[in-house]
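Beneath this line is the structure, given in structure tokens, with notes to follow.
The values are calculated or read from the model by the stated rules, or taken from the named source; none is laboratory data. None of these values were measured; they are calculated from a predicted model. Every residue, glycine as well, gets a Cβ built from its backbone with ideal geometry; the counts of neighbours run over all protein chains shown.
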Amino acid sequence: MFRIKRLFVCKSVIILLFLFLAVVLSGQEERDLEMLYTDLQRPIYDMVYSGITGISEFGLVFAIPGMNGGVAYYSSSDSLEIYSVATNLGAVSVAPDDVNQRIFAAFGCGSNGDGLYSFNAYSHEFTIINWYLDPNFIKEIDDVYYFGYGYWSFGGLLYSEDGDSWSEISYFDGLCVTDIEKAAGAVLFASAGNFIYLKDDDNWMSYEVPVVINDIYVRNYPHNEEVYIACGNGTYSDAVYRVEYEEGEINGLTMINWFMEPYRLYEYEEMLVVGCLNNNGLYLVEPEEMSEPQEIGAELDFTDVYCFETYPIYTHNFIMGTDIGIYLVTNLGSGISEDICLPVLNLTNYPNPFNPSTRIEFTLAEDSEVELAVYDLKGRLVERLIDKEMSAGKQTVDWDGQNVSSGIYFCRLEADGKMISTKKMVLLK
């Protein structure tokens, strides 16, 4: 009897010790979401990569709304600069012009100062392009700038190919345009109210949606021509949809699932990321009809998700702008397994910075189909260096940047169809 009791006590101690270790170890696991810039604990409406000289932190430029808001970026890793047009007028969207070292910014708070501005990255001076009430966004798509503005039943959409001459797209005269994106080919999608618009060649067509459209997201990689929209403003009709279209015509919508006030869409490991307003959450969901959403970051204090971006460019991680700052999102466990990183080891390059060439090295643990390519800060392909089957062992390849301008570039490595690693490279001429 004594022996049985002693065994029971020993087992109890072991179980308690195991539970204690489990709690301790669980506290040491990498968090899925963490604050990235502790000195930016305020709303972040937009963030875009640039190649403008003197901007640190991968060239990220932020739009900060509200009092003393404006165009913001880091001049060094510990020096945040915020440039305002007026004390009470914050920025809602930004679009860098790397060639001319300037930043286009949409400022707005429903006042007479609302409009589209140009910010000189050298003189730190603003120039008004024009006053437009309630601007919604400014973005660059294939070297063309688009500016959407308006509220409810008035607004419009402007475009410019050089950033100096701007023209109104007459089709949207009087419409409040909330977003524009490009799918594969030359197909453009725009949203205004509860209508989504498709432009193929020179023709626009519209398709009515049950509720107002907040965001358009296009998955061009690895999938082709998949368009999703986040719809809703706090009703039971709020949802995320896939837009079904072909040959320049929208044929219908497929509901992914209901979400209350979905505001922004992104992608993570072939899953859709859905960010909502008014404390309605952040979710991962498969891009299939009525897939079950998985909420993430529910224990954190943010209530609104305003924007997404990959961090750094072409990695598994992403960052999101919220009402209380920027969060780095990692280790969500959706499709990432340890063996993904096994085929390729030690992606490096030297010298770095370099001029004009650098040597890129990596090691293959096994025979693999390899693609190695260089991209610029905006995610555009600069040069594909390798695209073939390669044998196991150490590999080297030289990249000559003689024909491209100075700036930050990213070397992206894939093995057997999966993105493995990315390397930041700095070309100084």
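When the criteria are applied in full, Trp204 meets the requirement of being surrounded by fewer than 17 Cβ atoms within 10 Å (Cβ to Cβ), in contact with a helix residue (DSSP H, G or I) (Cβ under 7 Å, 6 or more places away or on another chain) and either of a type in the set (Phe, Trp, Tyr) or free of Cβ contacts under 8 Å to residues at least 24 places away in the same chain (or both). Residues in the range 113-131 that are crowded, with 16+ Cβ neighbours inside 10 Å, in contact (Cβ under 8 Å) with a residue 40 or more places away in the chain and not aromatic (Phe, Trp, Tyr) were compared, and the one that is farthest from Ile55 (Cα to Cα) is Leu116.
The single condition among (1) under 23 Å from Leu175 (Cβ atoms); (2) crowded, with 21+ Cβ neighbours inside 10 Å that Ile141 does not satisfy is (2). Within the range 44-74, the set of residues being closer than 18 Å to Ala121 by Cα, out of contact with any helix residue (DSSP H, G or I) (no Cβ under 7 Å at 6 or more places or on another chain), among the hydroxyl-bearing types (Ser, Thr, Tyr) and at pLDDT 95 or above comprises just one member, Tyr73.
The residues listed here are Ser170, Ser165, Ser191; of these, the one that is surrounded by fewer than 16 Cβ atoms within 10 Å (Cβ to Cβ) and either closer than 14 Å to Asn136 by Cα or at pLDDT 95 or above (or both) is Ser165. In this structure, does Gly234 turn out to be touching a residue at least 40 places away in the same chain (Cβ under 8 Å), of a type outside the set (S, T, N, Q) and under 27 Å from Asp323 (Cα atoms)? For Gly234, the condition - touching a residue at least 40 places away in the same chain (Cβ under 8 Å), of a type outside the set (S, T, N, Q) and under 27 Å from Asp323 (Cα atoms) - is met. Among the conditions (1) within 23 Å of the chain's Cα centre (by Cα); (2) among the hydroxyl-bearing types (Ser, Thr, Tyr); (3) within 29 Å of Ser56 (Cα to Cα); (4) at pLDDT below 90, Thr348 misses just one, which is (1).
Of everything listed in (1) modelled with pLDDT of 95 or more; (2) over 23 Å from the mean Cα position of the chain (by Cα), the single unmet condition for Cys109 is (1). Per the listing Asp97, Asp134, the residue uniquely over 20 Å from Thr178 (Cα atoms), of a type in the set (Asp, Glu), assigned by TED's automatic domain parsing to the domain that holds Leu188 and crowded, with 16+ Cβ neighbours inside 10 Å is Asp97.
Every residue, every condition in (1) modelled with pLDDT of 95 or more; (2) in a loop (DSSP other than H, G, I, E, B); (3) among the basic types (Lys, Arg); (4) touching a helix residue (DSSP H, G or I) at 6+ places or on another chain (Cβ under 8 Å), yes or no:
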| position | (1), (2), (3), (4) |
| --- | --- |
| Ser118 | yes, no, no, no |
| Ile128 | yes, no, no, no |
| Gly150 | no, no, no, no |
| Leu157 | yes, no, no, yes |
| Leu175 | no, yes, no, no |
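Can you name every residue in the range 173-201 that is among the β-branched types (Val, Ile, Thr) and either without any contact (Cβ under 8 Å) to a residue 60 or more places away in the chain or in contact with a Cys (Cβ under 9 Å, 6 or more places away or on another chain) (or both)? Correct list: Val177, Thr178, Ile180, Ile196. The numbered conditions (1) modelled with pLDDT under 85; (2) in contact with an Asp or Glu (Cβ under 6 Å, 6 or more places away or on another chain) are all true for Glu366 except (2).
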